[in-house]
1. Compute the distance in nm between two label points, each set 7 Å from the Cα along the Cα-to-Cβ direction, one at B:Val158 and one at A:Ser188.
2. Given R₀ = 25 Å, FRET efficiency for B:Arg303-B:Leu264 by Cβ-Cβ distance, to 0.05?
3. Helix-only estimate, please: 222 nm mean residue ellipticity of chain A, summing -39500 (n - 2.57) across DSSP H runs of length 4 or more and dividing by its residues, to the nearest 500.
4. How large is the helix-only mean residue ellipticity at 222 nm for chain B, computed as the sum of -39500 (n - 2.57) over DSSP H runs with n ≥ 4, divided by its residue count, in deg cm²/dmol to the nearest 500?
5. Once the convex hull of the alpha carbons of the range A:106-240 is built, what does its volume come to per residue, in cubic angstrom?
6. Taking A:Lys89 as the anchor, which aspartates and glutamates have their alpha carbon closer than 16 Å to its alpha carbon, excluding any fewer than eight residues away along the same chain?
7. Calculate how large, on average over all directions, the projected area of the Cα convex hull of chain B is; give the answer in nm² to one decimal.
8. Give the Kirkwood hydrodynamic radius (Å, one decimal) of the protein assembly as shown, defined as one over the mean of 1/r across all pairs of different Cα atoms.
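Each reported figure results from applying straightforward, stated rules to the coordinates on display, with no laboratory input. Fair warning: this is a prediction, and the values are worked out from it, not measured in the lab. Positions of Cβ are generated from backbone atoms using ideal geometry, with glycine treated the same way; all protein chains shown enter the neighbour counts.
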Amino acid sequence: MMSMLEATGVSKSFGGLKAVLNVDLSVNKGEIFGLIGPNGAGKSTFFNMISGAIPIDSGTVIFDGIKISGMKPDRICRLGLGRSFQAAKNFAGMPVWQNVLMGALFGQKGQSYAQAMSAVDEVLDFVGLNDLRDKMVPDIPLAYQKRLEMARSLATRPKLLMLDEIMAGLNPSEVGEAMELITKTRDSGITIIMIEHVMKAIMNICDRIAVLHHGAKIAEGTPEEIAASKTVIEVYLGES
Amino acid sequence: MKWSGLKKEFQYIIVAIIVIFFAFVPLFGSTYAITLSSTIMMYIVMASCWNMFSGPAGYISLASGAFVGLGFYASGFLSTRFPLPVLMLAGGLASLVLAVIIGSITLRLRGVYFTIFTFCLVELVKAVMTWYEIMVVRKRGLNVRNFGPNAAFYAMLVMVVIALAVVVIVRKTRFGMALTGIGESEDAAAHIGINTTAYKVSGFAVTAFMMGTVGAVRATMLNHIDPTSAFNMMFSFLPVLMCVFGGMNTFLGPIIGAIVFAALQYNLITKIPQIYMIIFGAIMILSILFMPTGIVGVYERVRKAIENRKIQKVGGHL
């Protein structure tokens, strides 16, 4: 199978704290890949290093055949890697549609305004935010703010989308909607890596899962393997 | 960036009337009126251009004094040999180069650190210039050739037209959108493919260029310049004050602020030189407290209040 993202020996420390330790991760094209672990396990730090938000201490990241470790986030984005943030980061002074327009305009080189505007309609339809398109960001519910982040990333036409706790704070029916949306996104040809605490979602839609604990990868496998793994139950599920 | 409640076209018409009014001042006005108008126009350029970058991007720059000062010295060094447009270009380019260098280093600093650095930059450049005059040339200040009040006046007028055109173009294109995105959320902007450093440095540099050019013109109105008059913190603070007072991130706000404060300063600096700064400080504090969105924001609030009252009368509910 073709590999979409290949991380080798990725590490990061903040002062004396080793946040991410020598993590290897390989994500295949067309996969939904889950990244789980207790709070503080280093999941978001790992995302931040992949997307270029923070510099990588050591290790390499190959994205779709190109070495992206050391690149700035805007270049990584234009290569086709989109992401959402754990705490939604939207353009609060703009209406919903313009947030998406920003992604469409800047995500790829040489986008005309007309092209970008048609991408906006397409993406808003796809994620189901069309009814809220003229609302300002602070006026829409938090669940939709996270979905807006996803929409903005989708507008950049990514090959790989990294979603950081997109289901946090959603009610069960909204979780169902989000799961559907993520599966639909994958079916449209976009590989997905997601950090998530909602186990039902992770176990249902992920093809493979990796578990981080204290910055190190302690397990990797299919949802069934992860659910049956003794180590995982001990360090992760056992805690709750 | 948002347009205030007034229609775009209407705002253009207001500005066009202001510019045309200024254009006729030399035909009827006294020398006093011409000099005052030139000063006002200088501040229109400075405030509008400051607002063009610092408004949407959220990087509050206090470096204006350094850029204007470089314009002063470009005129000081070159005025005996070259015509006014060359001096303006030289002042603008010198400022642009400084802005690119400084911007590449310091625009990584976020929030208040950038502001502090730009504040210190003015003092730094002033200190270097003072050292140069004391230690190297051993002569304080420079004489600047005066091209006459009308030359300076028309140069400022041309710069106002250019500056407002640049402001409109920037806010209408993706350049302005990128700056707004950076101001709203720099992380989000970077992660949708906006090269934040490039946009910030270019925005800062364009602003610096414009300030350098008007600085060069300003120097020709003064006959003599020295580091204290050139690298003057007032040039840094006034554009901020004008934008806060008039309304940040609006098209008309900085223009209104520039006209009000330039006129005030021009009149008060001779009459009550000791306390006019106190008055400005008080106005600044009151503006921030009671009209954080400036005069333009107050207008908008009043308009919305009236509209709401209308809706309530009809019995509608939003």
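1. About 5.2 nm, to one decimal.
2. Given R0 = 25 Å and the Cβ-Cβ separation, E is 0.40.
3. Working: 9 runs with 92 residues, N = 240.
Taken over chain A, the calculation gives -11500 deg cm²/dmol.
4. -26000 deg cm²/dmol
5. In the range A:106-240, the Cα convex hull volume per residue is 136 Å³.
6. Hits, sequence-local ones excluded: A:Asp74, A:Asp139, A:Glu149, A:Asp164, A:Glu165, B:Glu184, B:Glu186, B:Asp187.
7. 18.6
8. This gives a value of 26.3 Å.
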